[in-house]
Amino acid sequence: QSVLTQPPSVSAAPGQKVTISCSGSSSNIGNNYVSWYQQLPGTAPKLLIYDNNKRPSGIPDRFSGSKSGTSATLGITGLQTGDEADYYCGTWDSSLSAGSNWVFGGGTKLTVL
Amino acid sequence: QVQLQQSGPGLVKPSQTLSLTCAISGDSVSSNSAAWNWIRQSPSRGLEWLGRTYYRSKWYNDYAVSVKSRITINPDTSKNQFSLQLNSVTPEDTAVYYCARAWRGFSWYFDLWGRGTLVTVSS
């Protein structure tokens with residue numbers, strides 16, 4: 001059971017838009033910045049979004065991020081078949097009982113129909 | 001261009017020590033801006049951050065609570081690399097292990113990943 005909750009799967013047609021949610025709590029998303037990662041089959045994760053809504057160089061503006069309260073959202077517009085991948089959110093989690101740990105969501109598999 | 005090159009055995013026996021190395025090219029393990037991390041991924045546990053080492057006038061280490069009693073991450077400045085040692089492994093430690101660079105904007109994020117090493121714990 002991941003600390004951050006993501007839907008297991010989402011799907012949409014090519015050219016459409018999809019959003020992926022990441023739900024946490026005040027000990028993680030509520031008080032920290034969120035980053036998002038794309039993992040294509042058989043490869044390492046790749047940074048898509050950092051500091052809630054910033055894109056690294058080379059990431060197209062079809063990808064966007066936002067945060068509100070204890071939840072974050074990844075948006076992808078103009079879906080392409082090459083976007084089929086697993087997507088993960090991540091942030092720091094600080095709790096009195098467990099100290100500070102980096103945590104990831106359980107991942108969302110995107111299918112482009 | 002910064003690259004991370006992982007090395008280490010793909011098979012470890014139960015109760016023994018898992019050891020992996022991550023060689024850095026294009027950056028320095030002693031960088032004052034980066035932190036050097038180990039992350040693993042398995043079907044049962046998903047992506048799991050294990051720990052990090054970083055230099056800010058002196059060396060620091062942070063470890064995940066789940067492995068804190070068994071893990072050591074060490075920098076090697078002479079070879080510009082860092083290593084992971086995980087003691088007393090069990091089959092539950094079977095996973096793909098990644099090394100990753102963390103960079104800090106407003107907060108930390110993993111901007112560079114190694115290719116991953118599948119480590120199987122089995123007799």
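FYI, it's all coordinate maths here, none of it is from the lab. Computed from a predicted model, the values in this text were never measured in an experiment. Cβ sites come from the backbone with ideal geometry, for glycine too, and all protein chains shown count toward neighbours.
Key figures
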quantity	calculated
Sparse-neighbourhood loop sites, trypsin sites (Lys or Arg not before Pro) in segment A:1-68 - DSSP loop, at most 16 other Cβ within 10 angstrom	A:17, A:62
Neighbour-limited loop hits for chymotrypsin sites (Phe, Trp or Tyr not before Pro), segment B:30-109 (at most 12 other Cβ within 10 Å; DSSP other than H, G, I, E, B)	B:106
Dipole axis of chain A (+1 Lys, Arg; -1 Asp, Glu on Cβ), positive-most option in A:94, A:58, A:32	A:58
Using a Förster distance of 41 Å, the FRET efficiency for residue A:84-residue B:90 (Cβ separation, nearest 0.05)	0.75
Listed pairs A:46/A:67; B:13/B:79; A:67/A:109; A:67/B:68 exceeding 22 Å between Cα atoms	B:13/B:79; A:67/B:68
Length-normalised contact order for chain A - Cα pairs under 8 Å, 6+ apart - percent	37
Mean separation of Cα contacts under 8 Å (6+ apart) over length of segment B:8-72, as relative contact order %	21
Segment B:21-123: relative contact order as a whole-number percent, Cα under 8 Å and 6+ apart	28
Mean-position separation - Cα centroids, segment B:12-73 and segment A:28-100, in angstrom	21
Dipole moment magnitude, nearest 20 debye, segment A:1-92 about Cα centre, only Lys, Arg, Asp, Glu C-beta charged	160
Selected from B:20, B:84, B:47 as most flexible by GNM, with chain B as the system and alpha-carbon contacts under 10 Å	B:47
Alpha-carbon Rg with Dmax, taken over chain B, Å	13.8, 45
Choice from A:44, A:13, A:72 showing the highest fluctuation, given a GNM over chain A with Cα pairs closer than 10 Å	A:44
